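A quick write-up on the structure given underneath.
The values are calculated or read from the model by the stated rules, or taken from the named source; none is laboratory data. Quick caveat, the model's predicted, so the values are computed rather than measured. Glycine gets a Cβ as well: all are built from the backbone with ideal geometry, and neighbour counts include every protein chain shown. All accessible areas refer to the heavy atoms of the entire protein, side chains included, with ligands and DNA or RNA removed. Shrake-Rupley method; radii C 1.70, N 1.55, O 1.52, S 1.80 Å.
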Amino acid sequence: MNQVAPEKIRNVVLVGHGGTGKTTLAESLLLQSGALPRMGRVEDGSTVCDFDPEEQKRGQSLSLALAPIEWKGHKINLIDTPGYADFEGEVQAALRVADLAVFVVSAVEGVEVQTQKFWKQAAKLGLPRMVFVNKLDRERASFDRTLDQLRATFGAGVAPLELPIGEEHDFIGVADLLTDKAHLYESGAATVGEIPDEMEAREHEVHDNLVEGIVVADDEQLERYLEGDIPSLDELEHTLHLGVDDATVFPVICGSATERIAIDRLADFICEIGPSPLERPPVEVTAGGQTVEVRPDPSGDPLAFVFKTIADPYVGQISLFKVLSGTIKTDENLVNTRTGGGERFHGIFAMRGRDHLDVPAVVAGDIAAVSKLTNTRTSDALAPKGKPVTVPAIEQPEPVLAFAIHARTQADDDKLSPALHRLQDEDQALVVERNDETKQTLLKGMGDTHLQITLEKLERKFGVNVDLEDVKVPYRETISTEADAEGKFKKQSGGHGQFGVCNLKVAPLPRGEGFVFEDKVVGGAIPRQFIPAVEKGIEETMTDGGIYGFPVVDVKVTCYDGKYHSVDSSEMSFKMAGRLGFKAGLEAAGPVILEPISLIEVAVPNDLQGDVMGDLNSRRARVQGTEVGDDGEQVIIATVPTSEIRTYAIDLRSMTSGRGRFTTKFDHYDVLPQHLVRAAAAQGGKKRDD
Ligand SMILES: Nc1nc2c(ncn2[C@@H]2O[C@H](COP(=O)(O)OP(=O)(O)OP(=O)(O)O)[C@@H](O)[C@H]2O)c(=O)[nH]1
Ligand SMILES: [Mg+2]
């Protein structure tokens, strides 16, 4: 792969809803640029970018993939991304290192949910955007309908640069609205000619709209235009280029990835109107407590930012990085600014799908890969010794779904934790948590597909088999009334016996007050040194579990009397007496189960508010109120039992076809309604005949 100067680099992320044709478009661009002998197909798993077995099996992308191409003296670093909601983390990473986002939209389905979400994320980063309307060869494809949706969803900046010639089976090419020329295609090869007569009127009308749309971005040009002096093609392209750069103009072009129509034009537009890394605002990093700006200067201090980590079963760890400054050569020695540890760039290479293409060096603004860094992970920065800088980490979406996993065999268990670490290295959206209270290992992620694939990778890449369990609810228990109880521990069957008796009063405490122990023993009924043992026995029982087997909370225990034996009493006997007395006290004081209650905020479009509210009510939720969200959607705020929302991520997605999102956090504990006690108690493992 040839090295080019930063001004000739284009870092382009292909982004959009699942199935719009991003991977196929990357494939088509690779073929068009001569990087491939023939086109692979998603359906048979033969594309460059979907190289993971899980991707091939499903016919969908699951993680970002690189596909660099050389085009007319430029290097276009294509970054293919997954469109499915579970893999948003991958899109976030790609958006961080791209300089241009090409939104792939299907001319059949139009603007879909994920496309809108990713657009907002790109807008938040101020990233230049353009749209490729794909699948115009398909039945029911409509460019006009799609363009209307684009304008309605993304606003006035949407500027069509082309019109399709023909549609559905008759789709044969595009009309360029700037040059007024027709580009007709046969197996990817274009012939340029005049606009077909039947299109001329429409083409001229849209051409004029486009020119107007462009000149408004430049006062001098607008003035001349109003005086009838039409700017030249170069001037228009330059103004368009500026509008794209500052993310105010969003060009729309069109084609078909599978029919290879207008793919060359996409590559041309990327090079001609897309920004190079030099045209993007400098990256803000922190150095010595100061915020400093870093520009992609090839002669500057080397600075690499790792945006993706791959756990390759053969090569080991591969780190994908963007050079933010300087030039990085093979065998470069840099320092990981998070760990302070040295890292040597043994062999750097360009990654195209799973293939490694040797590169001698990587200049500022470019993207490449390196294997076997010892202790570097995604979002780490590497800089020269003594020049520590911190680059803002890639934001990761909060996990919304948890699976509880259990290693199938001891052998699996031995391998489980290191394997999970490796998977977390390559998948920032995956969270592994050990819940000491429910004694479960939880895998947390963005959805059921995300977690299912994690399990498949555990097995395929690391040979670890696990079984799924229900995620246990961290119930607690407490008491509802006061009661007196006696704990008697007596073992006097020859030899050193055990004897201890304590009399306890148990009483409920307000929620959240925990545990209070009161010593009201008088007259040495229990020798002073044994009273802490009573308290200890009670505390152990509270941790180990009460009547239902759940941790006990919010209880006051008063020890007010007891009996002891001068020989047989010991700390042990009074600890046991404390345990027994406390258990009996709980039993007599109206034990109740406390269930965790979460605070949930659900953001949904107005038209779905009723359904979502109704569904929340059916989950025993208490709606606190609603407010209007940042994007004008309705945000429902409610408290809801945590047990009722264990699969809410899946349920909300199907209820709202992916248009809803939610966040939750623990809020408080509340008494579990009686009719649910039996089911909950089954989890605690202790039955009580209520
Ligand atoms: N007719 C037609 N089909 C297309 C075109 N582009 C892609 N497809 C088909 O659309 C389906 C999805 O294509 P992909 O390339 O996997 O789409 P994607 O956007 O990468 O999907 P995700 O990876 O799931 O986000 C495949 O069956 C492709 O063959 C096109 O221009 N015309
Ligand atoms: Mg794909």
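Between Ser657 and Glu469, the contour length at 0.36 nm per residue exceeds the alpha carbon distance by 65.0 nm. Can you classify the range 35-140 as rounded, prolate or oblate using the Cα gyration tensor, where a ≥ b ≥ c are the square roots of its eigenvalues, rounded means a/c under 1.5, and otherwise it's prolate if a/b beats b/c and oblate if not? It comes out rounded by the Cα gyration axes. Using the average count of surrounding beta-carbon atoms within 10 Å as a protection proxy, the listed peptides 149-155, 81-87, 569-575 rank, highest first, as 81-87, 569-575, 149-155.
In this rough spin-label picture, where each label sits 7 Å from Cα along the Cβ direction, the Asn435-Asp414 distance is 2.9 nm.
Rolling a 1.4 Å probe over the heavy atoms of the protein chains gives the chain an accessible area of 42 Å² per residue. Summing Lys and Arg as +1 and Asp and Glu as -1 over all other residues whose Cβ lies under 12 Å from the Cβ of Val362 gives a net charge of 0. Residues whose amide H comes within less than 5 Å of that of Gln317, counting only those at least five positions distant or on another chain, are Asp312, Lys372 (H built at 1.01 Å from N in the peptide plane).
Normalised by 2.2 N^0.38 Å, where N is the number of residues, the alpha-carbon radius of gyration of the range 141-204 equals 1.17. For the range 340-489, the alpha carbon positions stretch 80, 37, 31 Å along the principal axes, listed from largest to smallest. At each listed q (0.14, 0.15, 0.20, 0.25 Å⁻¹), what is the log10 of I(q)/I(0) that the Debye formula gives for the range 283-383 modelled as equal alpha-carbon point scatterers? With no solvent term, the Cα-only Debye profile gives -0.48, -0.55, -0.97, -1.49. Cα centroid separation, the range 405-439 to the range 32-64: 29 Å.
Computed from the C-beta positions of Gln492 and Phe515, the FRET efficiency with R₀ = 56 Å rounds to 0.95.
Relative to the 2.2 N^0.38 Å rule of thumb, the range 476-589 has a C-alpha radius of gyration ratio of 1.02. Couplings for the range 548-556, taken from phi via the Karplus curve 6.51 cos²θ - 1.76 cosθ + 1.60 with θ = phi - 60°, read 9, x, 9, x, 9, 9, 6, 10, 10 Hz in order; Gly and Pro are left as x.
Computed extension length for His406-Thr481: 23.1 nm, one decimal, from 0.36 nm per residue of separation with the Cα-Cα distance subtracted. When all protein chains stay in place and ligands, DNA and RNA are ignored, the 1.4 Å accessible-area order of Lys556, Lys135, Lys387, Lys75, largest first, is Lys387, Lys556, Lys135, Lys75.
The lysines within cross-link reach of Lys520, meaning a Cα-to-Cα straight distance under 25 Å and a gap of 8 or more places when in the same chain, are Lys488, Lys490, Lys505, Lys536, Lys556, Lys563, Lys575, Lys583.
Projecting the Cα positions of Val389, Pro313, His183 onto the charge dipole of the chain (unit charges on Cβ atoms of Lys, Arg, Asp and Glu, taken about the Cα centre) puts Pro313 furthest along the positive direction. The apolar share of the surface of the range 581-622, taken as the fraction of accessible area on carbon and sulfur atoms (1.4 Å probe, ligands and nucleic acids excluded), comes to 49 percent.
Measuring nothing but protein heavy atoms, the accessible surface of the range 207-323 at 1.4 Å probe radius is 50 percent carbon and sulfur. Taking amide H positions as modeled 1.01 Å from N, with prolines and chain starts lacking one, the residues under 5 Å from Phe307 and 5 or more places away or on another chain are Leu320, Phe321, Lys322, Ser379.
In terms of the mean number of neighbouring beta-carbon atoms within 10 Å, the peptides 60-66, 176-182 order highest first as 60-66, 176-182.
Given in Å, the Rg to one decimal and the Dmax to the nearest whole number for the Cα atoms of the range 595-682 are 13.4, 44. Filter the cross-link list Lys329/Lys387; Lys72/Lys120; Lys8/Lys329; Lys75/Lys135 down to pairs whose alpha-carbon distance in this structure exceeds 23 Å. Over 23 Å Cα-Cα: Lys72/Lys120; Lys75/Lys135.
Taking the Cα centre of the range 283-383 as origin and assigning +1 to Lys and Arg Cβ atoms and -1 to Asp and Glu Cβ atoms, the resulting dipole is close to 280 debye.
With the Kirkwood sum run over all distinct C-alpha pairs, the range 401-469 has a hydrodynamic radius of 11.9 Å.
Per-residue 3J(HN,Hα) values for the range 73-80, derived from phi via the Karplus relation 6.51 cos²θ - 1.76 cosθ + 1.60 with θ = phi - 60°, read x, 9, 10, 9, 8, 6, 10, 7 Hz in sequence order (x marks Gly and Pro). Altogether, the Stokes-Einstein calculation at 25 °C and 0.890 mPa s, with the Kirkwood radius of the chain over Cα pairs as Rh, returns a diffusion coefficient of 84 µm²/s. Averaged over residues, the count of other Cβ atoms within 10 Å places the peptides 231-240, 249-258 in the sequence 249-258, 231-240, highest first. One Cα centroid belongs to the range 610-668, the other to the range 203-247; the line between them spans 46 Å. Would the range 224-362 count as rounded, prolate or oblate if I go by the C-alpha gyration tensor, calling it rounded below 1.5 in a/c and otherwise prolate when a/b exceeds b/c, oblate otherwise? Oblate shape, in that a/c is at least 1.5 and b/c is the bigger or equal ratio. Put simply, the amide H of Lys563, placed in the peptide plane, has neighbours under 5 Å in Val501, Cys502, leaving out anything fewer than 5 places away on its chain. The alpha carbon centroids of the range 166-187 and the range 332-371 are separated by 41 Å.
Applied to the range 605-612, the Karplus parametrisation 6.51 cos²θ - 1.76 cosθ + 1.60 on θ = phi - 60° returns per-residue 3J(HN,Hα) values of x, 3, 5, 9, 4, x, 4, 5 Hz, with x for Gly and Pro. In this simple spin-label model, placing a label point 7 Å from the Cα along the Cα-to-Cβ direction at both Arg460 and His204 gives a separation of 5.7 nm.
With a simple spin-label model that places each label point 7 Å from the Cα along the Cα-to-Cβ direction, the separation between Asp358 and Lys387 comes to 2.8 nm. Placing unit charges on the Cβ atoms only, positive for Lys and Arg and negative for Asp and Glu, gives the chain a dipole magnitude near 4340 debye about its Cα centre.
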